[in-house]
Amino acid sequence: MQLKVYNSLTRRKEPFRVSPDRQVRMFVCGPTVYDYVHLGHARTYLAFDMITRYMKFLGYKIQYLMNITDVAERVVQRAEQLKRDPLELAREYEVAFLEDMQRLGVTQVDRFERASEAIPKMIAQVTGLIDKGAAYETETGVYFEVDKFPRFGQLSGQSHEELGLRRLELCSSKRNPEDFSLWRKYEKGLAWDSPWGRGRPGWHIEDTAISMAQFGDTYDIHGGASELIFPHHEAEIAQAEALTGKIPFVRYWIHTGLLNVEGRKMSKSLGNMIRIRDALRDYTAPELRFYFASIHYRQPMVFSKSGLIKAKRKLDRLLKNLNSFLDAKPVADSKARNTPVRLGRYESAFKQHMNNDFDTPAALSVLEAFADDLARAGPTLNQQTKTRLAGTFRSLAGVLGLLS
Ligand SMILES: [Zn+2]
């Protein structure tokens, strides 16, 4: 019963294989800190939290790194609107983000790294790409030359012709429309000194610089929302592989599906977002976690209040069953039966579903049935059996973060 993970790069479920010491190095794209995070972010970060918890449950040792995008056009624009210092503003939203994650029980990230504190690493990578002939400087910045990287389009499954239709970063000084920026020249505002004058890094190089400084030229998992596949992650692969010549840059690419509201994705720009902190006023973290776990992480999900209420009711029932099991008076040892065989089967059923690319909806059904069964069997079990089954239930529910 081996863990299988859907890899966006190969577009299939693959057996999850890492080095024999079971070390897993995972990088997940962090937030751009220019506003409060919303339930779309919650969905992604809860998915990777659950993935990390499950891998630890299986005995993997995970190093989980996340960047904080505090250097970005959106941060600069918002700061200009508010007449604030961009990094100061970013810091406030970073604090709010970390608070929201803490309250959701998203606790598995080992290290956060801010883009603003990794600028020398980015400059080193851009310099390296120019030296390799993969990037060029113009009067507006430094650009990655996509024609020099034939595998561009591999992750998003786009042909050269299709890519030519995508106009990225309109700028007349680029050699080709699909070239993307590694460094942008800015005399004023949020800017650092570089071999190309003052400026700031492009978004894509922030993540390769941060992740490769920690994990080396290649690593195990890179995650993020599916909307980041193109151009962000496609560009990351191009940068890393053009720089090191090592393929693949990342072995498993894992992407979460969009959260939609009334047919459109939840986003700040569409004005349909629900902040995590507002949702946490009406629902507990375990209720929100149950709700998101009830849809597979890769499927697009339509947000609905009725769905949330349904999840809340199911969790209530699960906890009620657990409590009634725990409260049942154990029978004396001499009269106790052995653990009913069926109660021993839930753990393997749970693992079987989770091993199938983290099928949390099916795993949740197993937990619900397990809790029902425990409530029924409680009065027939001795203390030792009860303690053991309670421990099993807690560790499985803990993978999904359902018990506060
Ligand atoms: Zn990223």
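What is the dipole size for the chain, taken about its Cα centre, with +1 at each Lys and Arg Cβ and -1 at each Asp and Glu Cβ, in debye to the nearest 20?
Result for the chain is approximately 1900 debye, rounded to the nearest 20.
Just report the Cα centroid separation between region 1-70 and region 98-171, whole Å.
First find each Cα centre; the distance between them is then 19 Å.
Just tell me which lysines come within less than 26 Å, Cα to Cα, of Lys329; anything on the same chain fewer than 8 places away is out.
Within the straight-line cut-off, Lys329 pairs with Lys314, Lys320, Lys386.
If you roll a 1.4 angstrom probe over the protein chains with everything in place, what fraction of the accessible area of region 277-375 belongs to carbon and sulfur, to the nearest %?
49 percent
Going by accessible area, probe 1.4 Å, with all protein chains left in place, what is the ranking of Arg376, Arg277, largest first?
The most accessible residue leads, giving Arg376, Arg277.
Within the set of other residues whose C-beta is less than 13 Å from the C-beta of Thr32, count the net charge using Lys and Arg as +1 and Asp and Glu as -1.
With Lys, Arg at +1 and Asp, Glu at -1, the net is -3.
Taking the solvent-accessible surface of protein heavy atoms with a 1.4 Å probe, what is the per residue accessible area of region 300-353 in Å²?
Using a 1.4 Å probe on heavy atoms only, each residue of region 300-353 averages 68 Å².
In Å², and per residue, what accessible area does region 70-137 have when probed at 1.4 Å with the other protein chains present?
It amounts to 50 Å² per residue over region 70-137.
So, counting K/R as plus one and D/E as minus one, what does the shell of residues with Cβ under 12 Å around Lys61 add up to?
Local charge sum for Lys61: 0.
With a sphere of radius 12 Å drawn around the Cβ of Val302, what net charge do the other residues whose Cβ falls strictly inside it have (Lys, Arg +1; Asp, Glu -1)?
Residues near Val302 contribute +3 overall.
Under 5 Å between amide H atoms, partner at least 5 residues away or on a different chain: which partners does Glu145 have, H built in plane at 1.01 Å?
Ala135, Tyr136
In degrees from 0 to 90, rounded to the nearest 10, what is the angle of the helix 119-131 Cα long axis to the longest principal axis of the chain?
60 degrees
Would you mind telling me the share, in percent, of accessible area of region 16-67 contributed by carbon and sulfur at probe 1.4 angstrom?
The computed percentage sits at 49.
The values are calculated or read from the model by the stated rules, or taken from the named source; none is laboratory data. For clarity, every value in this text was computed on a predicted model and none was experimentally measured. Note that we place each Cβ from the backbone using ideal geometry, even for glycine, and neighbour counts take in every protein chain shown. When the accessible area is computed, the model is the full protein with side chains, heavy atoms only, and any ligands, DNA or RNA have been set aside. Shrake-Rupley method; radii C 1.70, N 1.55, O 1.52, S 1.80 Å.
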